[in-house]
Amino acid sequence: MPLIKTSGAGTTASADVVADPWVSVGDDDPLPAAAPVIVSLTRWERDRDALLATGRPVGVRLASHQLATSIAGDLDHLALVALEFPTFRDGRAYSTARQLRERFGFKGELRAVGNVLRDQLLFMHRCGFDTFEIAHPDAAAAFAKALAEFTVFYQPATDQRTPAPRLRHLRSAAE
Amino acid sequence: MYRYDEFDHAFVRQRVDQFRDQVSRRLSGELSEDEFKPLRLMNGLYLQLHAYMLRVAIPYGTLSSRQMRCLAHIARTYDKDYGHFTTRQNIQYNWPALKDVPDILMDLAAVEMHALQTSGNCIRNVTADQYAGAAADEIEDPRVWCEIIRQWSSLHPEFSFLPRKFKIAVTGAPNDRAAVAVHDIGLRMVRNEAGEVGFQVLVGGGQGRTPVIGSMIRAFLPKRYLLSYLEAILRVYNLLGRRDNIFKARIKILVQQVGAQVFADMVEDEWQHLKDGPVELPDGELERIQAYFAPPSFEPLPTLHAGFVEAKDRDPAFAAWARSNLADHREPGYAIVNLSLKPVGGVPGDATSAQMDTVADLADRFSLGEIRVSHEQNLILPHVRQKDLHSLWQELTAVGFATANIGLISDIIACPGLDYCSLANARSIPIAQQISTRFAELDRMHDIGELKVKISGCINACGHHHVGHIGILGVDKKGEEFYQITLGGDATETAELGRLVGPALPYDKVADAVETLVDTYLEHRQGGERFLDTYRRVGLQPFKEKLYATH
């Protein structure tokens with residue numbers, strides 16, 4: 001599955017296809033030699049200390065019903081959180097992403113996984129996701145197009161795009 | 001009225017361009033109908049029984065004459081020369097071709113309109129009191145906040161894939177004409193003891209197959225916190241609302257499941273992290289939007305125009321119309337005029353392009369260019385001088401909009417029903433036509449007084465039958481249309497759900513049944529009681545006995 005990584009903030013953000021250093025491991029799979037691993041919340045809760053003792057970066061994957069509060073206390077130990085979209089219609093991860101970023105101050109990689117479609121990329125990016133597993137033949141181009149479709153945003157979110165109400169205010173202050 | 005600035009124009013055009021691209025991908029076959037469905041639904045485009053249906057938003061029910069002319073132009077150019085005003089202050093076109101839809105959206109954009117968020121599991125077009133900015137009983141104009149909500153909710157990145165659709169209604173007056181208690185969120189502008197204006201917040205109201213009156217979770221919310229508080233409600237719902245069953249996915253089910261107090265606590269907890277944050281309006285933005293809703297320049301006029309009084313004395317038909325179709329205006333010498341889209345035997349809410357053009361012209365000549373659409377599917381000229389009422393009435397009569405029946409038995413709300421809708425079990429429109437024909441006689445209608453009949457063609461309750469004084473619900477019994485009748489529903493500040501009278505009746509017995517119910521009311525009526533008052537005093541039993549004794 002291609003992995004898209006965004007860099008830059010707000011309307012200047014750009015997207016590239018990158019190699020994925022992370023290895024997803026099942027709840028009872030042996031750990032690979034040294035690679036960073038993504039585990040389920042179940043395994044994280046069970047093996048937390050053992051995982052951290054290996055010294056490698058660790059990420060947790062949350063199913064869409066698992067809330068940000070379930071890992072909020074552990075965020076200092078996590079380099080990545082992956083949030084699942086079991087179908088594009090399940091929008092819970094948008095709220096979880098914003099809570100992780102805005103309420104709990106998570107600074108690591110926030111990855112969108114599952115049914116990630118080009119027509120939702122901009123919403124995800126605005127809610128604080130910075131990497132995306134996307135099954136699209138030309139993922140980078142699709143992402144670039146999705147990011148460019150709008151220049152006006154009405155509400156603040158996690159991203160750095162300045163919402164229209166604030167732009168209006170900044171403009172009238174400058175006049 | 002609100003006017004788009006450069007940001008609003010750019011936003012709506014970008015949205016049209018995006019949809020044009022999606023439509024061309026569909027027409028070329030790159031997108032299947034399944035893949036296209038969620039995209040078109042985000043733009044108000046449904047696939048109905050016979051064709052695509054496009055639902056255009058009329059935010060908080062306010063239209064300029066220029067916008068009304070555009071709606072007429074769309075009906076004439078792209079549809080079968082008519083449109084249907086809905087119970088959510090939208091207009092629907094039943095016959096557009098898919099290839100034309102991007103052009104329709106571009107025409108709408110030119111007059112500062114769109115079809116955004118008229119469908120899909122997102123925050124839908126915000127509705128309001130149709131008399132906003134004109135009503136005598138108003139505390140403040142709710143449209144200022146509706147516009148703020150409209151902008152905040154437009155392509156909200158967090159709330160575009162909610163468990164289910166989400167409807168917000170706002171009233172600025174204590175007499176609730178916007179049915180806020182049966183919305184996912186109902187906002188009532190209220191004054192606290194210190195004299196400040198804020199919002200009373202109701203959540204979890206709704207109709208559909210599980211009708212619920214909303215629960216108040218906050219008695220007074222200062223205005224400046226509205227957006228952060230809404231964001232907190234939506235976030236709790238987005239995270240915890242059920243997604244395993246479409247019929248249990250509305251916020252009302254979550255509120256019932258955890259209890260209103262627990263829900264209020266969860267919102268409060270989330271709100272503590274959002275209030276005073278970036279979502280609150282920046283300085284100057286409230287004032288900027290308020291300025292657009294500043295009252296128009298009304299002429300200083302005497303409270304009562306002598307000519308108006310004389311005309312009523314002289315002309316009983318005008319007097320009857322004035323009694324039912326006018327509402328009190330906040331300015332002396334002005335009136336709010338209701339145009340009835342419920343002619344006897346007609347289709348509730350339908351208007352032809354010629355009628356729409358006429359309304360636009362009348363608005364320019366008599367109502368400072370403003371028009372409103374009510375959730376009861378009528379049109380309103382909000383600012384008419386009393387001295388113009390008689391000539392306006394004559395012109396309305398000529399175009400068929402002067403039926404003197406606002407709030408009366410033939411002012412029926414009906415969904416499109418089986419004639420158009422793919423969800424319906426039974427027809428609604430012909431039932432409405434039969435009832436309005438049965439009670440066509442004006443004196444009788446006025447004698448019966450306020451009586452709200454609401455008809456839905458299926459359990460989804462688009463015709464608001466749960467809150468009709470008389471509610472009629474079409475059901476399917478082994479392939480035949482039957483109708484359940486409820487009594488005592490009320491959508492106002494004294495909101496209540498109707499109660500089922502008894503077994504469903506066949507199609508050809510419904511108008512008779514309504515007549516029996518009305519006769520029973522007249523028998524028991526005391527003094528100036530409305531149907532609803534009598535029902536509340538005597539209860540269901542006398543109605544039930546009469547109805548099932550004769551049928």
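All of the numbers you see were taken from the coordinates with simple rules; none came from a lab. Note that the structure is a prediction, hence the values are computed from the model and not measured. Every residue, glycine as well, gets a Cβ built from its backbone with ideal geometry; the counts of neighbours run over all protein chains shown.
A compact table of results
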{"read-out": "Relative contact order computed over the stretch B:309-399 (Cα-Cα under 8 Å; 6+ residues apart), in percent", "value": "28"}
{"read-out": "Share antiparallel - DSSP beta bridges, the stretch B:414-550, percent rounded to 5", "value": "70"}
{"read-out": "Rounded Å value of the spacing that divides the Cα centres of the stretch A:81-120 and the stretch B:450-516", "value": "44"}
{"read-out": "Gyration tensor verdict on chain B (Cα atoms; rounded if a/c is under 1.5, prolate if a/b is larger than b/c, oblate otherwise)", "value": "rounded"}
{"read-out": "Radius of gyration, Dmax [the stretch B:134-272; alpha carbons; angstrom]", "value": "14.5, 46"}
{"read-out": "Cα-only Debye scattering, the protein assembly as shown: base-10 log of I(q)/I(0) at q = 0.08 Å⁻¹", "value": "-0.67"}
{"read-out": "Net +/- balance of residues flanking residue B:482 in space, Cβ distance below 15 Å, scoring K and R +1, D and E -1", "value": "-1"}
{"read-out": "Stretchable slack from residue B:262 to residue B:32, in nm (0.36 nm times residue separation minus alpha-carbon distance)", "value": "78.4 nm"}
{"read-out": "Separation between Cα centres of the stretch B:384-410 and the stretch B:1-54, rounded to whole Å", "value": "37"}
{"read-out": "Under 5 Å, built H, 5+ apart or other chain: amide partners of residue B:129", "value": "B:170, B:172"}
{"read-out": "Candidates per trypsin sites (Lys or Arg not before Pro) in the stretch B:461-551, loop by DSSP, up to 14 other Cβ within 10 Å", "value": "B:478"}
{"read-out": "Length-normalised contact order for chain B - Cα pairs under 8 Å, 6+ apart - percent", "value": "12"}
{"read-out": "Average other protein chain Cβ within 10 Å of Cβ, residues B:284-292", "value": "2"}
{"read-out": "Rounded to the nearest 20 debye, dipole of the stretch B:414-550 from Cβ charges on Lys, Arg, Asp, Glu", "value": "300"}
{"read-out": "Mean ellipticity per residue at 222 nm, deg cm²/dmol - from DSSP H runs of n ≥ 4 across chain B, formula -39500 (n - 2.57)", "value": "-11500 deg cm²/dmol"}
{"read-out": "Size of the stretch B:414-550 as Cα extents on the principal axes (Å, biggest first)", "value": "45, 30, 28"}
{"read-out": "Rg followed by Dmax, in Å, when the stretch A:19-175 is reduced to its Cα trace", "value": "17.5, 63"}
{"read-out": "Selected from A:150, A:85, A:104 as most flexible by GNM, with chain A as the system and alpha-carbon contacts under 10 Å", "value": "A:150"}
{"read-out": "Set of lysines near residue B:387 by C-alpha distance (under 19 Å), chain-local residues within fewer than 8 positions excluded", "value": "B:312"}
{"read-out": "Among B:294, B:391, B:440 the positive-end extreme of the charge dipole of chain B (Cβ point charges)", "value": "B:440"}
{"read-out": "Near-label residues of the stretch B:257-291 by backbone N, under 16 Å of a point 7 Å along Cα→Cβ of residue B:5", "value": "B:281-291"}
{"read-out": "With at most 12 other Cβ atoms within 10 Å, longest stretch of chain B clear of loop GluC sites (Glu not before Pro) (DSSP)", "value": "B:197-440"}
{"read-out": "Length-normalised contact order of chain A in % [C-alpha pairs under 8 Å, at least 6 apart]", "value": "22"}
{"read-out": "Charge dipole magnitude, Cβ of K and R +1, D and E -1 - the protein assembly as shown, Cα centre, debye nearest 20", "value": "720"}
{"read-out": "For chain B, cysteines whose Cβ has no other cysteine Cβ within reach (under 4.7 Å)", "value": "B:70, B:122, B:146, B:421, B:458"}
{"read-out": "Shielding of B:11-22 by partner chains, average beta-carbon count, 10 Å", "value": "2"}
{"read-out": "Table column - 3J(HN,Hα) (Hz), the stretch A:169-175, Karplus curve with 6.51, -1.76, 1.60, x for Gly and Pro", "value": "5, 4, 5, 6, 5, 6, 6"}
{"read-out": "Kirkwood Rh in Å, taken over the stretch B:309-399 so that all alpha-carbon pairs contribute", "value": "13.4"}
{"read-out": "HN-Hα J in Hz across the stretch B:393-403 - Karplus 6.51, -1.76, 1.60, θ = phi - 60°, x for Gly and Pro", "value": "4, 5, 5, 5, 4, 5, 9, x, 9, 10, 4"}
{"read-out": "Farthest positive-ward along the protein assembly as shown dipole, Cα basis, beta-carbon charges - from B:201, A:54, B:347", "value": "A:54"}
{"read-out": "Restraint check, B:37/B:478; B:478/B:509; B:167/B:509; A:5/B:165; A:107/B:223, Cα-Cα greater than 24 Å", "value": "B:37/B:478; B:167/B:509; A:5/B:165; A:107/B:223"}
{"read-out": "Cα pair count fraction exceeding 15 Å, expressed as % - the stretch B:1-75", "value": "68"}
{"read-out": "The stretch B:171-181 - phi-based ³J(HN,Hα) in whole Hz, Karplus 6.51/-1.76/1.60, Gly and Pro as x", "value": "10, x, 10, x, 7, 7, 9, 10, 6, 5, 6"}
{"read-out": "Centre separation in Å (Cα based) which lies between the stretch A:1-38 and the stretch B:210-252", "value": "35"}
